[in-house]
Amino acid sequence: MTVLEGFHEDHGATFTERGGRRVVGNYGRPAQAHKAVRNVVGVIEMGYGVVLVEGADRVEFVDNAISNTVPTEDGQGVYALLLDPQGRVELDMYVYNAGERLLLFTPPDEAAPLAEDWRGKTFIQDVDITVATDDFAVFGVHGPKATEKVASVLTGPGAPEGALSFDRGSMGDAGVTVIATDALTGEEGYEVVCAADKAEEVLDALLYFGMAATPFGYDTWDSLTLEAGTPLFETELEGRIPNVAGIRNALNFDKGCFVGQEVVSRVENRGQPSRRLVGLVCEEVPEAGATVTANGDEVGEVTRAVQSPSRDEPIALAYVEYGLDATDVTVGNTTGSIEPLPFVEGSQQSGRLPTYPN
């Protein structure tokens, strides 16, 4: 459940569910909110699951499990994956080194299973793992004016610089941690973390104090991230090999062994995966799962699609054969063409923009 359901209801929100958690879908006009974020700044309550990892062996324990390297310095974070033995994505997460503990942001329904699984693997290591989803609120601040927005309400250090770095300060009487994001919307972005009992005070400051901001929900999040070419866990990543998704920012090819590394390395050394994620511009909005065909042959499938508010035309993400050289394709019951990602150039480039070996 959202931390501030009553607050959102008072602002006209309708709700949806993501990963078993009730979150804001929209506040009535998602396309208009989308354009407000693209042009100025907007604020969304994020629906993360939160896991805390403490103890003297916390960094070594988590580092041995994930596809990227856990930062050893307080104030730094990393985007990473948990893979199965076949190299497929089981879940994605952000791992932040907060001094005496690691703070993990996961898909909302994955926090408790992850904590339970990891507790069974600690053996004699000094590691304590707890689920803290209900203890925190996390608000995303996105748009070309996001830095100005945060600076207008943050007391203490300036807005952090460098993706996934963070600083601590306050907004009013509430202590906050401000994280520079990896720009999943294709715009400047920050996440503001606070105690759950301070959530309304912090959200009120983000929306109304200093520079005004537009509230938005996950309907707008979906359209923003799709325009930015950002693969998301539920639609593009789960069950995929990360090389296929092109999310190289989640991988450290030089670190020691982790589950699935052998497959990831083999695909990397081969020079190209079997498929790649591409953008499609279509005549009509296709359904998720729609088949993509070229020259009469099935070459892929759509993962998600929207009517783009920025471009005023249907766009989609799809996995297609890696070596496909066709441009014009059939997409389910409509037609389309393959277009380079991102669909929209914002103030920053998404850290997850798919990239592949030359």
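Where a number appears in this text, it was derived from the coordinates with a stated rule and is not lab data. Everything numeric here is computed off the predicted structure, so don't read it as measured data. Virtual Cβ from ideal backbone geometry, glycine too; neighbours counted across all protein chains shown.
Rg and Dmax, both from the Cα atoms of segment 1-111 and both in Å, are 17.2, 48.
Per DSSP helix of 4 or more residues, -39500 (n - 2.57); summed, then divided by the residues of the chain. What does that give at 222 nm, rounded to the nearest 500? Walk me through the numbers before you get to the answer.
On the way: 9 runs with 73 residues, N = 358.
After summing the helix terms and dividing by the residues of the chain, the value is -5500 deg cm²/dmol.
When only Cα pairs under 8 Å and 6 or more residues apart are kept, what is the percent relative contact order across the chain? About 19 percent, as a whole number.
Label zone (Ala112, point 7 Å along Cα-to-C-beta; backbone nitrogen cut-off 18 Å) within segment 21-57: 21-23, 47-52.
The region of the chain that goes longest without hitting one of the trypsin sites (Lys or Arg not before Pro) in a DSSP loop, each with at most 15 other Cβ atoms within 10 Å, is 122-254.
Step by step: find N for the chain, compute 2.2 N^0.38 Å, then divide the Cα radius of gyration by it. What's the final number?
Compactness ratio reported: 0.98.
Restriction of the chymotrypsin sites (Phe, Trp or Tyr not before Pro) in segment 78-133 to DSSP coil positions whose beta-carbon has at most 10 other beta-carbons within 10 angstrom yields Phe123.
Each of Val302, Val263 was scored by other Cβ atoms within 10 Å of its Cβ. Listed from fewest to most, they are Val263, Val302.
Sorting Cys194, Cys257 from the fewest to the most surrounding beta carbons within 10 angstrom yields Cys257, Cys194. Annotation: for a label point projected 7 angstrom from Cα along Cα→Cβ of Glu287, no residues of segment 205-237 have a backbone N closer than 12 Å.
Ranked for footprinting exposure by Cβ neighbours inside 10 Å, fewest first, Val192, Val70 give Val70, Val192. Beta bridges from DSSP with both residues in the chain: antiparallel share about 95 percent, rounded to the nearest 5. Note on segment 47-159: Kirkwood hydrodynamic radius from all Cα pairs is 15.3 Å, rounded to one decimal.
On the beta carbon distance between Asp173 and Arg119, with R0 = 45 Å, the FRET formula returns roughly 0.80.
Which residues among segment 26-69 fall inside the zone where the amide N is under 14 Å from a point 7 Å beyond the Cα of Ala195, along Cα→Cβ? Flagged as within label range: none.
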